[in-house]
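Data first, discussion second: the structure below is written as structure tokens.
The values are calculated or read from the model by the stated rules, or taken from the named source; none is laboratory data. This one's a predicted model, so the numbers in the text were calculated from it and none came from an experiment. Methodologically, a virtual Cβ is constructed for each residue, glycine included, from the backbone with ideal geometry; neighbour enumeration extends over all protein chains shown. Areas reflect the complete protein model, heavy atoms only, side chains present, ligands, DNA and RNA absent. Shrake-Rupley method; radii C 1.70, N 1.55, O 1.52, S 1.80 Å.
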Amino acid sequence: MLAVIVVRDGHLPAGAEETISECNGRALLAGSGTTAAAEQAKYVSGDLTTAEVGEFAPGGWADALARHIADEQIVVLPASPDGRDLAPRLATRLQRPLHAMALSVSPAHVELVRNGGTELHSVTPTAAFVATLQPGIRGVDVIDADVTIRDITLVVTERHDATVEQILPADAATIDLAEAGRIVAGGAGLDGPDRFDQLATVGAALQASVGATRVVTDRGWLAHERQIGTTGVIVDPRLYLAFGISGAVQHTSGLGRPDHIISINIDAHCPMMQLADLAVVADANAVLDELLERLPVETGGQRG
């Protein structure tokens, strides 16, 4: 098993270390700044290969990588945005099946999340395949051993990629939650679907994305792609504001390691309040109303 990790400017993507651990410490780091990325990865890997191939171009990279790793039976990428982009192209070039959004990968079986996170499918794979591993599920195995780091040259001769005309700043309202640096999220403590419109208004003022617990998405108050947790999206924001979220383990396991957590809840002893850097013992609905009064937010032509 070999982990293939897309590196941008020396930074490992979400789920990279877990994917390397799943592949028993064998990894190929491709992209820009791979030497710096190898320094981050060497604590979970004993066998690293680096390849400087410049800016991300999944079509061209897939051709170059396929020629180099054709003898690798199982190739696993983290289900980060770049990993999800590269994996299907790589599977096509290698003429192998793709098992996307796996919770675990081994030569004998692959566990896959399906049907909006409500089903876990265990499949027996073919001898050779490509898979993407969900971040935030497996955990990381830190090794204490000598690390072999090799540098190789990958020649990208063809670039079957769209031409980038313009790069726009990320919109906090639509950005993938897994990539959001700030998140405001609501749980069962909010008293109705209209509260999430208010939460979006507060989020816009803070340049934060909106998330929710499974209870909320099951009620249809917010789309499933906004659900945070082991059966939703795995996140790792710098700032996490939790409105009326008790902190069930399925939710908190998907939070990563936020730099700051602020929790508003009437239950001072619930798990989310225990995790918080700042715990506000209050009704989340009342606090949300007060925020709308105080924040300089324009809603419908009037100050909210």
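Just the residues that are closer than 16 Å to G229 by Cα, free of Cβ contacts under 8 Å to residues at least 60 places away in the same chain and either open to solvent by less than 80 Å² (accessible area, probe 1.4 Å) or not in a loop (DSSP other than H, G, I, E, B) (or both), please, taken from segment 105-124. Within segment 105-124, L112, R114, E119, L120 qualify.
Residue check: A279 meets all listed conditions (1) open to solvent by 40 Å² or more (accessible area, probe 1.4 Å); (2) within 20 Å of P135 (Cβ to Cβ) but one, namely (2). Scan segment 197-233 residue by residue and report those that are over 19 Å from S263 (Cα atoms), in a loop (DSSP other than H, G, I, E, B) and either among the small types (G, A, S) or more than 20 Å from the chain's Cα centre (by Cα) (or both). Once the filter is applied, which keeps residues that are over 19 Å from S263 (Cα atoms), in a loop (DSSP other than H, G, I, E, B) and either among the small types (G, A, S) or more than 20 Å from the chain's Cα centre (by Cα) (or both), segment 197-233 yields R219, G220, W221, A223, G232.
Could you count how many residues in segment 187-203 are in contact (Cβ under 8 Å) with a residue 60 or more places away in the chain and open to solvent by 40 Å² or more (accessible area, probe 1.4 Å)? Count: 2.
Per-residue answers, yes or no, for (1) out of contact with any Pro (no Cβ under 9 Å at 6 or more places or on another chain); (2) closer than 26 Å to N115 by Cα:
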{"residue": "A200", "(1), (2)": "yes, no"}
{"residue": "V215", "(1), (2)": "yes, yes"}
{"residue": "G220", "(1), (2)": "no, yes"}
{"residue": "E225", "(1), (2)": "yes, yes"}
{"residue": "V235", "(1), (2)": "no, yes"}
{"residue": "H269", "(1), (2)": "yes, no"}
{"residue": "M272", "(1), (2)": "yes, no"}
{"residue": "A286", "(1), (2)": "yes, no"}
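Checked against the criterion of being closer than 29 Å to A16 by Cα, out of contact with any helix residue (DSSP H, G or I) (no Cβ under 7 Å at 6 or more places or on another chain) and either modelled with pLDDT of 80 or more or surrounded by fewer than 19 Cβ atoms within 10 Å (Cβ to Cβ) (or both), the candidates L177, L206 yield just one match: L206. Here V184 meets the list (1) open to solvent by 10 Å² or more (accessible area, probe 1.4 Å); (2) not in a loop (DSSP other than H, G, I, E, B) almost entirely, failing just condition (1).
Results for (1) under 19 Å from T132 (Cβ atoms); (2) modelled with pLDDT of 95 or more; (3) open to solvent by 10 Å² or more (accessible area, probe 1.4 Å), shown as yes or no for each residue.
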| residue | (1), (2), (3) |
| --- | --- |
| A3 | yes, yes, no |
| A36 | no, no, yes |
| G59 | yes, no, no |
| V75 | yes, yes, no |
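Just one of the numbered conditions (1) in a strand (DSSP E or B); (2) buried (at least 22 other Cβ atoms within 10 Å of the Cβ) is not true of A100: (2).
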